[in-house]
Amino acid sequence: MSLTRRQFLATTGAAALGAAPRNQVKIGVEMGCISSAKYTPFQYLDYLAGIGASVAQFSASTLGVNLASPDEEVIKKVREYAAAKGITTPAFSSGCICPTSTGFNSKAGTAEEQIAQGLKLSRMMGATAMRGVVGGAKERPQIEIHMQSMSRLLKGMRSQIRESGVKIALENHGGDFQARELKALVEDVGFDILGICLDSGNPLWMLEDPHLTLELLGPYSIVSHVRDTAVWRVPEGVAVRWVNMGEGNVDIDGWINKFLAVQPAVPVTFENIVSGQPRLIRVFDAATFKDYPKMPAGDLARFLALAERGKPVPAQPAAPGKSRSQQQLDDLEFCVRYTRKLLSAA
């Protein structure tokens with residue numbers, strides 16, 4: 001399925017927003033964003049239940065298991081405990097699954113072996129999606145090579161992926177894919193085995209307006225990672241900083257409304273990361289665009305217009321005596337409250 005921009009925008013009109021069951025939207029958490037707490041999986045579930053989140057996204061690390069040989073008894077106990085708390089685990093977080101990426105760990109086995117392990121653990125968790133990534137900024141000069149690599153890999157595993165009942169959810173990760181590239185990859189491989197883990201914060205690292213990213217990737221999204229972003233002009237180019245919900249200037253409220261209009265059944269899952277110093281993108285340096293040789297001028301114009309409207313949002317000094325783990329928890333709870341209020345107001 002390929003949706004045109006006009007068709008997508010039509011689905012996000014007032015009628016579509018009014019039809020979305022906002023009181024039934026599930027709020028989730030990717031445990032990596034609060035990993036400084038170093039909780040056990042049971043403590044994570046207790047915490048999520050306490051803040052009213054009903055979806056948990058674990059990785060092998062936050063589950064405390066070995067991806068290659070997970071303890072099935074531990075996984076069973078975690079699933080039962082989650083069910084007792086009213087928490088589901090529809091997506092599992094894996095890491096780099098691209099064999100040509102600099103971030104790929106070949107010591108852990110071939111890409112096929114690692115994907116198979118991830119699919120197995122996903123099934124054990126009751127998940128129907130396995131989030132994966134290609135890499136980061138080091139992949140940009142050869143992004144087309146990695147697209148071809150992923151296409152061959154996933155097409156070669158089509159039967160295995162389909163039989164698993166778990167779809168791969170490739171993330172628009174900070175540093176690797178722009179939305180048009182990732183859309184092309186999904187359409188090449190096939191939506192029957194490959195969907196999107198749509199991240200609202202990463203597009204700004206890729207010189208994209210996150211609303212453009214949503215327009216292109218929303219129809220293929222099966223998992224979400226949500227955070228707000230502040231973006232503004234500086235003499236060197238554009239500054240980008242991830243912030244708590246409502247503190248940015250990318251219209252995160254409108255982004256969530258549009259996302260839920262096109263994917264009302266997909267949980268709003270926070271991967272809340274608050275940056276210290278902003279990331280500087282030197283948009284007036286020709287060298288920057290060596291990594292983006294095919295980026296449409298219109299896409300860049302939308303990004304620059306967003307930056308021109310923004311105002312600096314400097315990081316706040318840490319409160320005396322507050323640990324990093326407590327700050328992560330406080331930030332997440334603020335974002336959950338903000339979003340619950342947004343959903344109830346619609």
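Read the figures in this text as sums done on the coordinates, not as results from a lab. Model, not experiment: these values are computed from the prediction. Neighbour counts are summed over all protein chains in view; Cβ atoms, including those assigned to glycine, are modelled from backbone coordinates with ideal geometry.
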Hey, among the residues in the range 145-183 that are under 22 Å from E215 (Cα atoms) and acidic (D, E), which one's surrounded by the fewest Cβ atoms within 10 Å (Cβ to Cβ)?
E181
For a quick check of your reading of the model, give me the residue pairs whose first member lies in the range 196-218 and is assigned to a loop (DSSP other than H, G, I, E, B), whose second is crowded, with 24+ Cβ neighbours inside 10 Å and among the β-branched types (V, I, T), with beta-carbon atoms closer than 6 Å and at least 6 apart or on different chains.
S200/V226; G201/T229
Report, ordered by the first and then the second residue, all pairs with beta carbons closer than 8 Å, sequence separation of six or more or different chains, a first member in the range 159-181 that is closer than 24 Å to I145 by Cα and touching a residue at least 24 places away in the same chain (Cβ under 8 Å), and a second member that is assigned to a helix (DSSP H, G or I) and of a type in the set (S, T, Y).
N172/T213; A179/T213
Which of the numbered conditions does W242 fail, given that it passes all the others? Conditions: (1) within 15 Å of the chain's Cα centre (by Cα); (2) assigned to a loop (DSSP other than H, G, I, E, B).
(2)
Name the residue that is surrounded by the fewest Cβ atoms within 10 Å (Cβ to Cβ), counting only residues in the range 262-301 that are of a type in the set (A, V, I, L, M, F, W, C) and in a strand (DSSP E or B).
L280
Flagged in the range 60-69 as in a loop (DSSP other than H, G, I, E, B) and closer than 15 Å to T40 by Cα, in numbering order, are G64, V65, N66
Can you tell me which residue in the range 219-232 is surrounded by the fewest Cβ atoms within 10 Å (Cβ to Cβ), limited to those that are of a type outside the set (A, V, I, L, M, F, W, C) and in a strand (DSSP E or B)?
S221
Go through the range 302-341 and count every residue that is of a type in the set (S, T, N, Q), surrounded by fewer than 16 Cβ atoms within 10 Å (Cβ to Cβ) and touching a residue at least 60 places away in the same chain (Cβ under 8 Å).
2
In the range 108-165, what residues are of a type in the set (V, I, T), out of contact with any Gly (no Cβ under 8 Å at 6 or more places or on another chain) and within 23 Å of N66 (Cβ to Cβ)?
T110, I161
